[in-house]
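Following: one structure in structure tokens, then a few remarks.
The values are calculated or read from the model by the stated rules, or taken from the named source; none is laboratory data. No experiment lies behind these values; they were computed from the predicted model shown. As a convention, Cβ positions derive from the backbone with ideal geometry for all residues, glycine included, and neighbour counts pool all protein chains shown.
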């Protein structure tokens with residue numbers, strides 16, 4: 001059952017183990033982030049919900065590892081870690097790059113004969129078949145890359161004022177941008193059948209509300225779209241509202 005799966009894994013961080021959990025929510029980070037991006041989420045859900053966060057190499061407790069800059073390599077590693085949870089009620093959530101990872105992991109699990117998630121929740125990301133409206137930035141010189149990322153407003157400004165910290169974080173950030181910028185959607189296997197919920201920010205300049213809405217083309221199941229006030233990182237600005245929208249999806253009241 002969902003709550004009995006062992007969670008000792010480099011790839012999945014479990015900050016609040018829930019024995020006999022009735023649902024497991026697995027969260028994928030945005031570019032440059034680690035599992036700590038969701039550190040406050042477990043305590044905001046009912047005790048019957050277990051929240052796991054995906055930890056990619058090259059950050060936080062995996063800082064000494066080389067980051068992965070290829071989406072298929074990430075999916076190859078993460079999908080088997082999540083597979084045991086597919087025997088129970090499980091949900092996938094991802095913001096920005098994390099939405100893309102969650103979607104491709106759901107497809108890989110489906111293709112491997114595992115049940116699709118009870119719902120796939122994609123946040124702050126244009127539909128996967130749409131080309132990016134931004135020029136590639138992964139190869140920019142350090143100063144230009146930092147200035148570009150500053151404008152995204154997703155990283156605390158103090159981070160960029162610490163040269164040593166920047167030097168530690170930039171490899172993972174470049175790798176994550178490479179994942180997004182080199183991604184090419186393949187329609188093999190067809191759309192998912194799982195319910196899908198899309199979340200967007202009303203003032204997001206990186207992906208429009210309409211771009212997010214086109215996720216509906218990637219499932220034959222029910223589709224819902226919630227828009228929140230805020231920019232690309234509305235998921236931080238409106239955390240309570242986002243979790244209020246997500247909690248009922250878990251079907252636990």
Exercise. Regarding residue 230, is this residue buried (at least 19 other Cβ atoms within 10 Å of the Cβ) and farther than 23 Å from residue 139 by Cα?
Worked result: yes
For this session: Select, from 193, 148, 182, the only residue that is in contact with a strand residue (DSSP E or B) (Cβ under 9 Å, 6 or more places away or on another chain) and either exposed (fewer than 15 other Cβ atoms within 10 Å of the Cβ) or free of Cβ contacts under 8 Å to residues at least 24 places away in the same chain (or both).
Result: 193
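Evaluate the following for residue 93: is it on the phi < 0 side of the Ramachandran plot, in contact (Cβ under 8 Å) with a residue 24 or more places away in the chain and buried (at least 21 other Cβ atoms within 10 Å of the Cβ)? Quick ask: steps written out before the conclusion?
Working: on the phi < 0 side of the Ramachandran plot: yes; in contact (Cβ under 8 Å) with a residue 24 or more places away in the chain: yes; buried (at least 21 other Cβ atoms within 10 Å of the Cβ): yes.
The answer is yes for residue 93.
Taking the stated definitions as given, is residue 65 without any contact (Cβ under 8 Å) to a residue 12 or more places away in the chain and on the phi < 0 side of the Ramachandran plot?
Yes: the conditions hold for residue 65.
For residue 104, indicate whether it is out of contact with any strand residue (DSSP E or B) (no Cβ under 9 Å at 6 or more places or on another chain), under 22 Å from residue 58 (Cβ atoms), part of a helix (DSSP H, G or I) and free of Cβ contacts under 8 Å to residues at least 24 places away in the same chain.
Values: out of contact with any strand residue (DSSP E or B) (no Cβ under 9 Å at 6 or more places or on another chain): yes; under 22 Å from residue 58 (Cβ atoms): yes; part of a helix (DSSP H, G or I): yes; free of Cβ contacts under 8 Å to residues at least 24 places away in the same chain: no.
Spelling it out, it is not the case that residue 104 is out of contact with any strand residue (DSSP E or B) (no Cβ under 9 Å at 6 or more places or on another chain), under 22 Å from residue 58 (Cβ atoms), part of a helix (DSSP H, G or I) and free of Cβ contacts under 8 Å to residues at least 24 places away in the same chain.
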For this session: Kindly indicate whether any position in the range 55-75 is modelled with pLDDT of 95 or more and in contact with a strand residue (DSSP E or B) (Cβ under 6 Å, 6 or more places away or on another chain).
Result: yes
Exercise. Of all residues in the range 163-179 being loosely packed, with under 12 Cβ neighbours inside 10 Å and modelled with pLDDT of 80 or more, which is nearest to residue 65 (Cα to Cα)?
Worked result: 167
Problem set entry | Residues of the range 237-253 satisfying the condition of being touching a residue at least 60 places away in the same chain (Cβ under 8 Å) and in contact with a strand residue (DSSP E or B) (Cβ under 9 Å, 6 or more places away or on another chain) | 242, 246, 247, 249, 250, 251, 252
For this session: Looking only at the range 200-229, count how many residues are under 21 Å from residue 29 (Cβ atoms) and over 18 Å from the mean Cα position of the chain (by Cα).
Result: 1
Problem set entry | Boolean, residue 122 is in contact (Cβ under 8 Å) with a residue 24 or more places away in the chain, on the phi < 0 side of the Ramachandran plot, part of a helix (DSSP H, G or I) and touching a helix residue (DSSP H, G or I) at 6+ places or on another chain (Cβ under 7 Å) | no
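For every residue, the table says whether it meets (1) without any contact (Cβ under 8 Å) to a residue 24 or more places away in the chain; (2) more than 20 Å from residue 199 (Cα to Cα).
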residue	(1), (2)
38	yes, no
55	no, yes
75	no, yes
89	no, yes
111	no, yes
117	no, no
Problem set entry | The one condition in (1) in a loop (DSSP other than H, G, I, E, B); (2) in contact (Cβ under 8 Å) with a residue 12 or more places away in the chain that residue 188 fails to fulfil | (2)
Exercise. Out of the range 204-244, which residues are out of contact with any helix residue (DSSP H, G or I) (no Cβ under 8 Å at 6 or more places or on another chain) and in a loop (DSSP other than H, G, I, E, B)?
Worked result: 205, 207, 208, 220, 221, 222, 238
